[in-house]
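Enquirer: Before I ask anything, here is the structure I am working with.
The values are calculated or read from the model by the stated rules, or taken from the named source; none is laboratory data. Just so you know, these numbers come straight off a predicted model, no measurement behind them. Glycine gets a Cβ as well: all are built from the backbone with ideal geometry, and neighbour counts include every protein chain shown.
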Amino acid sequence: MISEQEIHNARILIVDDQEPNVQLLEQMLHEAGYLNITSTTDPCSVCALHLANHYDLILLDLQMPCMDGFEVMAGLKKMAPDSYVPILVVTSQPGHKLRALADGAKDFISKPFDLVEAKIRIHNLLEVRLLYRQHENYNKELELKVQERTAELHLSNVRLRRLTELSSDWYWEQDELGHFTKIFGPVFEMLGIRNDDATGNIRDDEGAGWDESERSILKAHLASRRPFLDFVYMRTHAGGICQYLMVSGEPIFAPSGSFAGYRGIGKDVTESMLPMHQYASISGHI
């Protein structure tokens, strides 16, 4: 809601080449409680004045020498084609009213002035104008908050990604076809796979040494698009040396709900699975 104080503090410009008309409107507005009133008898100065002061209402006489009110409206519209130009035209010609409204005026008052009607029209137009400005400012604030929140989320995601990378041996992302799109760390080496540069498909290296039953379980998780946590599986290297890997992953879905891929982390947990002397031996061979 707009308060009466806000309305009375609104910036008003009176434009009329006849000084008596200007004085009459100024007196009427002062008596009604308006505090910020500017006037000019030079229509050529209106655009510059509005550009400098951003008036909440312009009381504009249509019949003026040198530059009439229609030309002034055209200049204001050209200056800010997408903005709300708050013009209340003042005219003694009934035929000018429709043309003025078509050219961008928001309302009109007729000469000779009906002071009660003029006050009501001015008050109502100012209330609409200030509500429009309030809504415009709210949208700008909302847009700024969205931008700030988006930046915060981006920074948070970056920090989370970095923390994830530091807390694991590798990080990976795949698209909906299973192609690796992002990797951090020795993903291919640890998983014993190769990414075919020509097709983007992945395949096992020869001698990867998977435990096929565990490998099947992992593939089933991926195929069913289910999340999995701390899944441990084993690889047997040449000479019978065992290596234990632990992986976690979750499916990624687009805003539409369609499957978009997987992301996850992995870690070599051989040290925690085997005695220290046996792990030292493995470390020397891998």
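Enquirer: Given (1) part of a loop (DSSP other than H, G, I, E, B); (2) surrounded by fewer than 18 Cβ atoms within 10 Å (Cβ to Cβ); (3) touching a strand residue (DSSP E or B) at 6+ places or on another chain (Cβ under 9 Å), where does Lys97 come up short, assuming only one miss?
Expert: Condition (1) is where Lys97 drops out.
Enquirer: Among the residues of the stretch 45-89, what is the count of those that are touching a Leu at 6+ places or on another chain (Cβ under 8 Å) and modelled with pLDDT of 90 or more?
Expert: Residues meeting the conditions: 19.
Enquirer: If you go through the stretch 93-141 one residue at a time, how many are among the β-branched types (Val, Ile, Thr) and more than 38 Å from the chain's Cα centre (by Cα)?
Expert: Total meeting the criteria: 3.
Enquirer: Is it the case that Val46 is within 17 Å of Ile87 (Cα to Cα), assigned by TED's automatic domain parsing to the domain that holds Glu71, more than 38 Å from the chain's Cα centre (by Cα) and surrounded by 13 or more Cβ atoms within 10 Å (Cβ to Cβ)?
Expert: no
Enquirer: Any chance you could count how many residues in the stretch 70-89 are within 23 Å of Leu131 (Cα to Cα) and either buried (at least 18 other Cβ atoms within 10 Å of the Cβ) or aliphatic (A, V, I, L, M) (or both)?
Expert: Qualifying residue count, the stretch 70-89: 9.
Enquirer: I've got another one for you. Restricting the first residue to the stretch 244-272 and requiring it to be not assigned by TED's automatic domain parsing to the domain that holds Leu222, which pairs with a second residue that is of a type outside the set (S, T, N, Q) meet a Cβ separation below 6 Å and a spacing of at least six or different chains?
Expert: Hits for this filter: zero, empty list.
Enquirer: Would the stretch 206-219 turn up any residue that is under 47 Å from the mean Cα position of the chain (by Cα), at pLDDT 80 or above and not in a helix (DSSP H, G or I)?
Expert: The answer is no; no qualifying residue exists.
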